[in-house]
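Since the structure comes first, as structure tokens, the remarks are kept for the end.
The values are calculated or read from the model by the stated rules, or taken from the named source; none is laboratory data. Note that the structure is a prediction, hence the values are computed from the model and not measured. Virtual Cβ from ideal backbone geometry, glycine too; neighbours counted across all protein chains shown.
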Amino acid sequence: MKTITTFFLAAVAALGAEMTVMSKRTLTLEGARMAMDAVIAEAKKNNAGGVVAVVDDGGNLMALNRIDGTFAAGANVAIGKARTAALFQKPTKFFEEVIGKGRTSMVALNDFTPLQGGVPILIDGQIVGAVGVSGANSAAQDEEFARSGVAAVMNKLQAKVTFFEAETVKAGFDKGAVLFDGSDKYMVHASRREKPGEVEVHHRDADIVYVLNGTAKLVTGGELRDGKTTAPGEVRGTQLEGGEERQLKPGDAIIIPANVPHWFKEVSEPFQYYVVKVR
């Protein structure tokens, strides 16, 4: 089992690193509201006023709220702090300190609010937005509340551990089933074959295969001649010209990138294998 786990982790990491050049994380409206609500709750808990603004990675306003009694201009200040933190990818406290040390020329920058209380939201080093707070009891409290909004988003993003007991895994292999569907990221299949299949081409998914039981002759590459689209990004057919044949046995592993035709040409009964589909 350790060998299986090590292989899959390494393969998913390698494929994920290759695909990151085409992906971009974004802050959803739900996430923006979550950050805003966390700030408001923290301010009320501390009997403080405040205005909170949440922006996306381009500094565009996504959510705004003002506690009753907070000065009206606080909205513009909070938006400015959030926008500055997002566009410059640093807490606004950094710029306030830099200017305080004499670099006053920075105040001439457009759309720039170098006042403590703006905090960027960074996920895996990538900017997705920022939270700005104004009107609390102090500048330090502005930042403290803004950080509570960022923390609410980050806590929500913590990955959940998914566990399958041996009985569940066995039942999956007995009939062939999807163990886990990560939708836009990856899927894990407990796959079972009792006869040859069609030629497959996945335009979105790379297949990481680890053989548990049985043997199979797998053909990869070549040219699919009679392919028909069966679902978005999925093509099936019966005729494959060329390609490379491999005889798979228990313990073998293979990675089939997206857009590569593949065909289980011959299989023993039953042929059982894990498949991780990486998107």
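Inside segment 150-254, counting only strands (runs of 3 or more DSSP E) that do not spill past its ends, which hold 1 or more residues that are surrounded by 12 or more Cβ atoms within 10 Å (Cβ to Cβ) and within 21 Å of the chain's Cα centre (by Cα)?
177-181, 186-193, 199-202, 206-213
Check whether at least one residue in segment 167-184 is closer than 24 Å to residue 231 by Cβ, at pLDDT 95 or above and hydroxyl-bearing (Ser, Thr, Tyr), and report yes or no.
Taking every residue of segment 167-184 in turn, none turns out to be closer than 24 Å to residue 231 by Cβ, at pLDDT 95 or above and hydroxyl-bearing (Ser, Thr, Tyr).
Does residue 77 satisfy the condition of being farther than 22 Å from residue 154 by Cα, assigned by TED's automatic domain parsing to the domain that holds residue 123 and at pLDDT 95 or above?
Judged against the criteria, residue 77 is a match.
Name the residue, out of 136, 130, 140, 151, that is among the small types (Gly, Ala, Ser) and in contact with a Pro (Cβ under 6 Å, 6 or more places away or on another chain).
130
How about segment 141-165: which of its residues are at pLDDT below 95 and of a type in the set (Gly, Ala, Ser)?
151, 152, 159
Considering only segment 179-223, how many residues are among the hydroxyl-bearing types (Ser, Thr, Tyr) and either within 17 Å of residue 248 (Cβ to Cβ) or not assigned by TED's automatic domain parsing to the domain that holds residue 265 (or both)?
4
Exactly one condition in (1) farther than 30 Å from residue 162 by Cα; (2) at pLDDT below 95; (3) more than 32 Å from the chain's Cα centre (by Cα) is false for residue 270; which is it?
Condition not satisfied by residue 270: (1).
Read through the list (1) within 23 Å of residue 155 (Cα to Cα); (2) touching a residue at least 60 places away in the same chain (Cβ under 8 Å); (3) touching a Lys or Arg at 6+ places or on another chain (Cβ under 8 Å), then give the number of the only condition that residue 39 fails.
It is condition (3) that residue 39 fails.
Residues of segment 81-127 being within 20 Å of residue 29 (Cα to Cα) and surrounded by 23 or more Cβ atoms within 10 Å (Cβ to Cβ), which ones?
Across segment 81-127, the qualifying residues are 81, 82, 83, 84, 85, 86, 118, 119, 120, 121.
Could we say that residue 177 is without any contact (Cβ under 8 Å) to a residue 24 or more places away in the chain and out of contact with any strand residue (DSSP E or B) (no Cβ under 7 Å at 6 or more places or on another chain) here?
Answer is no for this residue.
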